[in-house]
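Participant: Just dropping this structure here.
The values are calculated or read from the model by the stated rules, or taken from the named source; none is laboratory data. No experiment lies behind these values; they were computed from the predicted model shown. When we count neighbours, we look across all protein chains shown, and the Cβ atoms used for this are built from the backbone with ideal geometry, even at glycine.
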Amino acid sequence: MDKVVRMSSEKGVVIFSKSSCCMSYAVQVLFQDLGVHPTIHEIDKDPDCREIEKALMRLGCSTPVPAIFVGGKLVGSTNEVMSLHLSGSLVPLVKPFQANLF
Amino acid sequence: MNTTSTHFVSSRRFEIYEPLNQIGSMWEESFKNNGGMYTPSSIIIPTNEKPESLSEDTSHGTEGTPHKFDQEASTSRHPDKIQRRLAQNREAARKSRLRKKAYVQQLETSRLKLIHLEQELDRARQQGFYVGNRVDTNALGFSDNMSSGIIAFEMEYGHWVEEQNRQISELRTVLYGQVSDMDLGLLVDNAMKHYFQLFRMKAAAAKIDVFYIMSGMWKTPAERFFMWMGGGFRPSELLKVLLPHFDPLTDQQLLDVCNLKQSCQQAEDALSKGMEKLQHTLADSVAAGKLGEGSYIPQMTSAMERLEALVSFVNQMYRILTTRQAARGLLALGEYFQRLRALSSSWATRKREPT
């Protein structure tokens with residue numbers, strides 16, 4: 001779906017979420033802890049919500065939200081992000097997008 | 001000899017079990033069959049001990065009329081033992097019957113008490129009072145709330161703990177002795193598989209009753225106290241418990257462990273905040289009277305993803321440590337939970353101070 005492709009290719013970390021989704025919130029908190037400011041798309045506020053969900057599932061997400069993209073590439077859902085972080089691979093991945101501390 | 005045997009035979013005449021005319025042929029029969037003891041159903045008698053010796057005895061004798069001779073020869077050789085054994089069996093049977101009677105009486109009393117309690121609970125519940133979670137008014141059986149899937153899970157978990165204890169003992173024995181890295185590696189692999197099996201069991205049970213799993217109902221109270229969000233333990237806390245057991249650590253390992261600890265803390269922090277948000281959302285739904293399934297069940301099941309995040313932690317530790325360190329860590333972890341479980345039971349049965 002074009003919209004999804006466009007949104008997910010935005011610079012930096014992109015999170016597809018829903019306003020009620022608590023795991024999306026958890027992922028946001030984690031990125032903020034790492035000094036990253038992700039772009040959040042709350043798809044339940046989007047008229048094309050259903051389409052977006054289907055598109056995300058087709059891309060390989062087991063649950064449509066949260067779906068995390070870094071630099072246009074799909075990383076996965078909460079599990080994948082947490083696992084990456086525990087293995088120490090998340091920080092290098094998002095390093096280019098960490099906010100300058102100056 | 002003859003007198004003894006006849007005396008013995010005639011004393012059997014006064015046995016309470018059978019009239020003598022039946023005993024006669026049965027007695028001979030049983031000597032041939034099960035080693036010399038007549039076995040009415042209420043007596044348990046070892047059947048394997050005497051037959052060989054008895055038949056040997058009789059075979060040494062003449063080839064005269066077999067049956068009566070067998071009987072006399074065997075009873076004449078061991079009349080006292082047989083008497084004594086019979087008496088012991090009678091006594092044992094009597095005691096067993098008394099115990100059974102007492103037990104059945106106990107059961108009846110408990111059953112009545114239980115019915116009474118359930119009625120009280122029913123009354124209390126109808127009036128809106130808080131009533132304990134696993135109790136429900138379904139007479140004398142498992143409550144409606146506890147589905148068969150959950151009951152099955154609890155039973156499986158019982159077996160899991162037994163196997164866990166066995167593995168811990170094995171690890172302990174092996175670590176105190178000499179063991180090759182390869183053999184130790186096998187034990188470590190088994191222990192890891194065992195933990196993963198528990199993760200899978202919990203995930204499956206969560207699909208049946210997610211609140212049950214999230215609140216750790218199957219755990220002992222002490223374990224539940226330290227439990228973190230239904231996952232079982234907070235990885236960073238666990239690292240603190242386990243770290244001393246890994247000594248000595250190389251510099252690289254120390255660095256890796258520190259990084260892992262920090263990542264864990266950040267992940268835990270994020271997940272905890274997610275859980276808080278979930279609880280707020282749920283509480284709002286309940287307050288607003290919106291108890292429809294669509295509004296929160298998907299949320300709960302997505303929260304179960306945390307369990308899988310913990311699996312990742314275990315994998316990381318496995319990657320960092322040597323086999324021997326992993327073995328020590330697993331032993332320490334197992335013993336930690338054993339102590340928690342023991343604490344629960346000793347606490348529950350402690351002597352209370354008079355108030």
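Participant: Within segment B:278-293, track down each residue that is of a type outside the set (Val, Ile, Thr), more than 11 Å from chain A (Cβ to nearest Cβ) and either under 18 Å from A:VAL91 (Cβ atoms) or in a helix (DSSP H, G or I) (or both). Spell out how you get there, then give the answer.
Facilitator: Filtering segment B:278-293 down to residues of a type outside the set (Val, Ile, Thr) leaves B:278-280, B:282-285, B:287-293.
Applying the additional criterion that residues be more than 11 Å from chain A (Cβ to nearest Cβ) yields B:283, B:287-293.
B:ALA283, B:ALA287, B:GLU293, listed by residue number.
Participant: Sticking with this one: State yes or no: is B:VAL188 within 27 Å of B:LEU340 (Cα to Cα) and at pLDDT 85 or above?
Facilitator: Values: within 27 Å of B:LEU340 (Cα to Cα): yes; at pLDDT 85 or above: yes.
So B:VAL188 passes the test.
Participant: Quick check on my filter: what residues within segment B:212-226 are hydroxyl-bearing (Ser, Thr, Tyr) and either buried (at least 18 other Cβ atoms within 10 Å of the Cβ) or in a helix (DSSP H, G or I) (or both)? Walk me through how you get there before you give the answer.
Facilitator: To start, the set of residues in segment B:212-226 that are hydroxyl-bearing (Ser, Thr, Tyr) comprises B:212, B:215, B:220.
Across segment B:212-226, the qualifying residues are B:TYR212, B:THR220.
Participant: Could I ask something else about it? Could you list, ordered by first residue, the pairs with Cβ atoms under 7 Å in which the first is in segment B:174-198 and without any contact (Cβ under 8 Å) to a residue 40 or more places away in the chain and the second is acidic (Asp, Glu), at least 6 apart or interchain?
Facilitator: Final answer for the pair search is B:HIS194/B:GLU163.
Participant: Working carefully through the options B:MET229, B:MET317, B:MET275, find the one that is within 14 Å of another protein chain (Cβ to nearest Cβ), part of a loop (DSSP other than H, G, I, E, B), at pLDDT below 85 and surrounded by 14 or more Cβ atoms within 10 Å (Cβ to Cβ). Explain how you work it out, then say what you get.
Facilitator: Numbers: B:MET317 fails: part of a loop (DSSP other than H, G, I, E, B); B:MET275 fails: part of a loop (DSSP other than H, G, I, E, B).
So the residue among B:MET229, B:MET317, B:MET275 that is within 14 Å of another protein chain (Cβ to nearest Cβ), part of a loop (DSSP other than H, G, I, E, B), at pLDDT below 85 and surrounded by 14 or more Cβ atoms within 10 Å (Cβ to Cβ) is B:MET229.
Participant: Then there is this: Any chance you could count how many residues in segment B:232-272 are within 14 Å of B:ILE320 (Cα to Cα) and assigned to a loop (DSSP other than H, G, I, E, B)?
Facilitator: 4
Participant: Can you work out which of the residues in segment B:172-211 that are among the hydroxyl-bearing types (Ser, Thr, Tyr) and surrounded by fewer than 16 Cβ atoms within 10 Å (Cβ to Cβ) is nearest to B:TYR157 (Cα to Cα)? Spell out the reasoning first.
Facilitator: Applying the first criterion (among the hydroxyl-bearing types (Ser, Thr, Tyr)) to segment B:172-211 yields B:173, B:176, B:180, B:195.
Filter once more, so that each one left must be surrounded by fewer than 16 Cβ atoms within 10 Å (Cβ to Cβ): B:173, B:176, B:180.
On the way: B:THR173: 24, B:TYR176: 29, B:SER180: 31 Å.
Top of the filtered list is B:THR173.
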